[in-house]
Amino acid sequence: MSEVVNYTVDGNIGVISVDNPPVNALSQPVRQGLHDAISAAQSDACQAIVLICAGRTFIAGADITEFGKPAVEPLLSDLLNFIESSGKPVIAAIHGTALGGGLETALSAHYRCAVANAKVGLPEVKLGLLPGAGGTQRVPRLAGVQAALDLITSGDPIPASRAHELGLIDKIVDGDLREEALAWARELVEQGAAPRKSSEQAIPEFDPAIFDGYRAALEKRARGQIAPQHIVACVEAATTHSFDEGLAVEARLFWECMKSPQSAAMRHLFFAERQAAKIDGLPKDTPLRSIESVGIIGGGTMGGGIAMSFANVGIPVTLIEIDGEALARGLSIVEKNYAAGVKRGKLSEEKAAKCRALIDGSTDYATLADVDLVIEAVFEDPELKKTIFARLDSVCKPGAILATNTSYQDVNQIAAATERPEDVIGLHFFSPANIMKLLEVVRAEKTADDVLATCMALAKRIRKVPVMSGVCYGFIGNRMLGPYFREAQLCLIEGATPEQVDTAMEAWGMAMGPVRVADLAGIDVGYKARQALPESERGDPRSYRVSDVLAEMGRLGQKTGSGFYRYDPETRKHANDPAVVEIIEREAAAFGIERRAIPDEEIVDRLIYALVNEGMRIIEEGIAQRPGDIDIVYVYGYGFPVARGGPMHYAEAIGHQRVYERVLEFRDRYGAEAWTPAPLLEKLATA
Ligand code: 3H9
């Protein structure tokens, strides 16, 4: 029939099989092939049609690479109406992940069966879109309004068993899917079962107040995003309009989303995330080292969180601490975290106990003799780290990977403390390490290719998003944070308040304003780092004097109940503190700064363009492989709004020239030391 859609007849059943690797996306040839196969089945002798997929999954959605290009017929929505109008029953047979347009295709069939480990979902919202081929109209008819809103606004897939409970799947099958689907199709034929159209089902009863409830909740959860609100409008339309009218509403709002900069940003992130996992120049078939056991040095918050990341996927961990007391403390933090997870319903008691049992503790480095990977997660003392690596070198087996979780230190120097620098790498987790998805994988000068490849693959196994970084102070993420925080602090001393800076950045989309981030991370962290540097290397004193004063007063941030803000000891809610504004005013006067009103727009531009300019240098120096890698770091590690696509995408979207001109303006106003445009920015702006 076609290269990607095959149609055969097996007895009295027509079998349409889609074979479009890797994920059977609904590219134009697939849509055409499906159309032709359904047509053919209408006029042959078959009595029912099974729709099934080859390879690892049922259709995983529309072909995202076609988005942004002119639409070519048959359009998916029309195709699915055509499938639904088939005079012979169509049975979808699902394995793997039926997502987006894939699930919509299954819903346009008249009956659905799935293997038990299949998953279904409508993840369009994660691409800044909504299901545009009837999903918002058919799901509420089959599963009810609330389930539809949950499924479509979250974008999270659900297991086949849940989809069965909800009425999205009719039958869970054991054994061979094709055989089972064929047998069921024959049964349906024998029973005289007619085509059963989802579009003709009545919507189960619901409370009309539900829509405003979702609108308000999504206003908070997905602040500023268009698609989630449009999804609510579409599902509401399903309850107030005919099916065809509802489809028209869906189509209009789908295209509005598709054309929005938000969806362009989120689609960019989809591909950037997959690209970031790839290392240029590293052969795909680089052999991987086997990682079946892990040692972690340091049982603090970081070490404990890292241990949980491995235990959560079944990899046993040995946690090393300097003495029994520190070890007991470390293990109890892990224990508490698991208990909290159970309490919040994140995992079952049984699963928590299983994971917890995989984390063992010791005070003896000799217990690391056989582990495949060691991650050092002690505090940022370069000498201590070197001592630890020299020790690991003497106890670990040949071929073990030795990793440091340092946030700033020179991984080349740490590697040089061993006789096997090729086995040394940086694995920079983000706090809380058991939750945050980002993992910066730091390739040192001598890191072996197979060590790098193993760590990139391992990251996926522990459900992290890996991004490779070269060695520099702070790697990709924290290095860029330097100029970002500098500008935040300068805005304070020049005239803004902590609240104004944070509110401006949060309104723009950052998950948390930079001043609150400083309080959360601990003001002492930067203070100690600065104290370790000669004064000439600490940067512009106006950008850290207030922090130094707060640190010396013992106002270290959230952990001491006060920093730039005051914190409620119970709720940890922050409140403005006039005393801090007084300190800022006093220090400004000492520098001879006349404080002025700073517009929010200037705050946003200074902070974001400082990120962009540093990001450009990071690309130039080859620290990051590509701009998209930086975007992934910022979205997954620093609360950058997904709907803006990361700092580098944002700069491209609004225009490099505009960014460049503003940077020049800042250079003229605030000095060339902070604001010399990166040569790459200049090049892109003037190209
Ligand atoms: C939609 O359906 C809109 C409709 O409602 C309406 C339309 C009118 N298209 O993730 P992986 C590529 S919106 C094109 O590494 P895994 C991916 O880039 C769509 N390409 O594998 C990668 O390429 P490469 C709704 C796609 O096993 C390769 O496949 N659907 C698509 O870890 C392997 O991907 C979604 O949003 C696609 N739809 O995970 C589902 N999907 O090798 C998006 C994947 O060159 N997909 N590729 O880097 C996924 O969530 C995961 O890919 C999946 C497999 C779970 C399926």
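The values are calculated or read from the model by the stated rules, or taken from the named source; none is laboratory data. The shown structure was predicted, so the numbers you read here are calculated from the model rather than taken from an experiment. Counting neighbours? That spans all protein chains shown, and the Cβs are built from the backbone with ideal geometry, glycine included. Calculation scope for accessible area: heavy atoms of the full protein, side chains included, ligands and nucleic acids excluded. Shrake-Rupley method; radii C 1.70, N 1.55, O 1.52, S 1.80 Å.
Normalising by the residue count of segment 581-646, find the relative contact order in percent from Cα pairs under 8 Å and 6+ residues apart.
Here the relative contact order equals 15 percent.
About the Cα centre of the chain, what is the dipole size in debye to 20, counting +1 per Lys and Arg Cβ and -1 per Asp and Glu Cβ, all else neutral?
In debye, rounded to 20, the chain gives about 380.
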*asked:* I'd like the carbon and sulfur percentage of the solvent accessible area for segment 294-469, probe radius 1.4 Å, heavy atoms only, ligands and nucleic acids excluded.
replied: 53
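When you count, for each residue, the other Cβ atoms within 10 Å and take the mean per peptide, how do 52-65, 638-651 rank with the highest first?
Values: 52-65: 20.8, 638-651: 23.6.
Descending packing order for the listed peptides: 638-651, 52-65.
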*Work out the charge dipole of the chain with +1 on the Cβ of Lys and Arg and -1 on the Cβ of Asp and Glu about the Cα centre, then indicate which of ILE226, ALA417, GLY474 is farthest towards its positive end.*
ILE226
*Local charge sum around PHE379 (other residues, Cβ-Cβ under 14 Å, Lys/Arg +1, Asp/Glu -1)?*
-3
_Gain in span if fully extended, SER290 to ALA183, counting 0.36 nm per residue against the direct Cα distance_ = 34.3 nm
_Solvent-accessible area, 1.4 Å probe, carbon plus sulfur percent, for segment 570-687_ = 48
*With 26 Å as the limit, write out which pairs from LYS126/LYS346; LYS259/LYS284; LYS126/LYS171; LYS220/LYS437; LYS284/LYS446 have Cα-Cα distances beyond it, or answer none.*
LYS259/LYS284; LYS126/LYS171
*Summing +1 for each Lys or Arg and -1 for each Asp or Glu, what net charge is found among the other residues whose Cβ lies under 11 Å from the Cβ of ALA459?*
+4
*Among ALA272, ALA352, TYR365, whose Cα lies farthest out toward the positive end of the dipole of the chain, if unit charges sit on the beta carbon of Lys, Arg (+1) and Asp, Glu (-1)?*
ALA352
_Accessible area of segment 28-106 divided out per residue, in Å², using a probe of 1.4 angstrom_ = 34
*Quick one: helix 477-494 against the long Cα principal axis of the chain, what's the angle to the nearest 10°, folded into 0 to 90?*
60
*About its Cα centre, what dipole magnitude does segment 226-276 give when the only charges are +1 on Lys and Arg Cβ and -1 on Asp and Glu Cβ, stated in debye to the nearest 20?*
300
*Among TYR338, ALA328, LEU452, whose Cα lies farthest out toward the positive end of the dipole of segment 294-469, if unit charges sit on the beta carbon of Lys, Arg (+1) and Asp, Glu (-1)?*
TYR338
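Taking the highest mean first, how do the peptides 659-665, 316-322, 242-248 order by number of other beta carbon atoms within 10 angstrom per residue?
316-322, 659-665, 242-248
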*So what's the angle, to the nearest 10 degrees on a 0 to 90 scale, between helix 656-670 and the longest Cα principal axis of the chain?*
20
*So what's the angle, to the nearest 10 degrees on a 0 to 90 scale, between helix 324-343 and the longest Cα principal axis of the chain?*
30
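Rounded to the nearest 20 Debye, what is the dipole magnitude of segment 1-151 about its Cα centre when Lys and Arg each give +1 and Asp and Glu each give -1 at the C-beta?
Computed about the Cα centre, the dipole is about 400 debye.
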*Reachable aspartates and glutamates from LYS460, Cα under 12 Å, same-chain residues fewer than 8 places away excluded?*
GLU273
*Give me the lysines in straight-line cross-link reach of LYS343: C-alpha distance below 20 Å, same-chain residues under 8 apart excluded.*
LYS351, LYS354
*For the chain, what is the mean residue ellipticity at 222 nm derived from helices alone (per DSSP H run of n ≥ 4: -39500 (n - 2.57); sum divided by total residues; nearest 500 deg cm²/dmol)?*
-15000 deg cm²/dmol
*Cut-off 11 Å between beta-carbons: net charge of the residues surrounding GLU602, Lys and Arg +1, Asp and Glu -1*: -2
_What's the ranking of 454-464, 337-347, 96-106 by average number of surrounding C-beta atoms within 10 Å, highest first?_
96-106, 454-464, 337-347
*Take every Cα pair under 8 Å in the chain that's 6+ residues apart, average their separations, divide by the length, and report that relative contact order as a whole percent.*
9
*Restricting to the chain, compute how many DSSP beta bridges are antiparallel as a %, nearest 5.*
25
